[in-house]
Structure formats: C-alpha cells, structure tokens
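K.L.:
I have a structure I would like to understand better, so I am pasting it below and will then ask my questions one at a time.
The values are calculated or read from the model by the stated rules, or taken from the named source; none is laboratory data. A quick note: this is a predicted structure, and the numbers were derived from the prediction, not measured. Cβ coordinates were reconstructed from backbone atoms using ideal geometry, including for glycine residues, and neighbour counts include every protein chain displayed.
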Amino acid sequence: MYSPDMTLGVCSNFCSLFGFPYFGVQVGKQCFCGSSYGLHGQLSDSKCNSQCKGNPEQICGGFTINSVFALHYPKSNAYTVLKDITVTSAVDSSWPAAAQSDADCLLQCSAKANCSAAVFSKQLLACRLLPFAFPPASLTGPEWAVFIKT
C-alpha cells in the first residue's frame, strides 16, 4: 500500500485488518504486510534512513529496504462479512468516510472507537461507518458489502 501520509501506525493498522503478523515500511511511503520475514537476512539499522512521510519523527525503511515490525493482537480486530442482508429500517445513523476500497473503509472503522460496522460499495466507491451493527435499508442490497466487527 502506498500513502503520501505514511506512518508506522497507518501501516500497522492496515496490516492488522487482515490479521498479518508482520508489517514493513519502505522508502517513507510504502507499506507491506506479511506472514514471515527474514528471507534476505537482517541489515544494519543505518540502512533504514527514510523518514515517514506522515511523521518525520519516525523511520520508514530505506530505498528498497524494509523496516519490519511484529504485530500483536490482544483483542480481535476482525470483521464478519454479511451477505444478502435485508433491512427495513429507514433510520440512518451512519457517517461517511473517504475510501477507495473495502480495506480503506475497514481501516477507517478500525480507527474509530465508536464504529461497530462498515458498509462499502465498490460501484459507488462509498464507505459508511456505523455506530451499531445494523445498517439502514438505504445501505443494503447487492451493491453494498456489510462488515461487522467481531
């Protein structure tokens, strides 16, 4: 994942959405998620000399060099995808979030303590965050994917 505002937190949050045990940052703006690390061996810390674009106080790897970190999961940050949901409620307590993919949408939800679920439409490139795991009728149907925090 590329982000012009990359920080260690942005990358770790993104990789934790998918349950990866490791994340790496490179050249100040790239994020990689992985199930293992160490294939090419360990380099000197001095090779990691790129400041994170979103926080110059942090180091985000170097040119073709990853800074690698382990992720630990004290509590679940997983989502359950609901399909073919039918809701008749017209009450909409959701709020919009900028997202280009379902992963971006889930990242936004994970960053908010009061987000219990998210809905995303690939057709509309629209993300809505929900304080309750109960989407309104206007945000259900075949074009919307519903993700419930578990």
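K.L.:
So LEU43 ticks every box in (1) among the aliphatic types (A, V, I, L, M); (2) more than 17 Å from ALA111 (Cα to Cα); (3) buried (at least 17 other Cβ atoms within 10 Å of the Cβ) but one. Which box is left unticked?
P.N.:
LEU43 satisfies all of (1) among the aliphatic types (A, V, I, L, M); (2) more than 17 Å from ALA111 (Cα to Cα); (3) buried (at least 17 other Cβ atoms within 10 Å of the Cβ) except (3).
K.L.:
So, one more: Please specify each residue of the stretch 17-58 satisfying the condition of being on the phi > 0 side of the Ramachandran plot and either modelled with pLDDT of 90 or more or of a type in the set (A, V, I, L, M) (or both).
P.N.:
Scanning the stretch 17-58 gives VAL27, GLY28.
K.L.:
Report whether or not VAL10 is under 13 Å from GLN58 (Cβ atoms) and modelled with pLDDT of 90 or more.
P.N.:
Criteria not met by VAL10.
K.L.:
Modelled with pLDDT of 85 or more and more than 19 Å from GLY19 (Cβ to Cβ): does that describe CYS127?
P.N.:
yes
K.L.:
Could I ask something else about it? I need every pair where a residue in the stretch 55-69 that is assigned by TED's automatic domain parsing to the domain that holds GLY24 and among the aromatic types (Phe, Trp, Tyr) has its Cβ under 9 Å from the Cβ of a residue that is surrounded by fewer than 16 Cβ atoms within 10 Å (Cβ to Cβ) and part of a strand (DSSP E or B), sequence separation at least 6 or different chains.
P.N.:
Every condition considered, no pair remains.
K.L.:
Residues being touching a residue at least 60 places away in the same chain (Cβ under 8 Å) and in a loop (DSSP other than H, G, I, E, B): count how many of those fall in the stretch 116-150.
P.N.:
Qualifying residue count, the stretch 116-150: 1.
K.L.:
Pairs under 8 Å by beta carbon, first residue in contact (Cβ under 8 Å) with a residue 60 or more places away in the chain in the stretch 98-115, partner assigned to a helix (DSSP H, G or I), six or more apart or different chains?
P.N.:
ALA103/PHE14; LEU107/ASN13; LEU107/PHE14; SER110/ASN13; SER110/SER16; ALA111/ASN13
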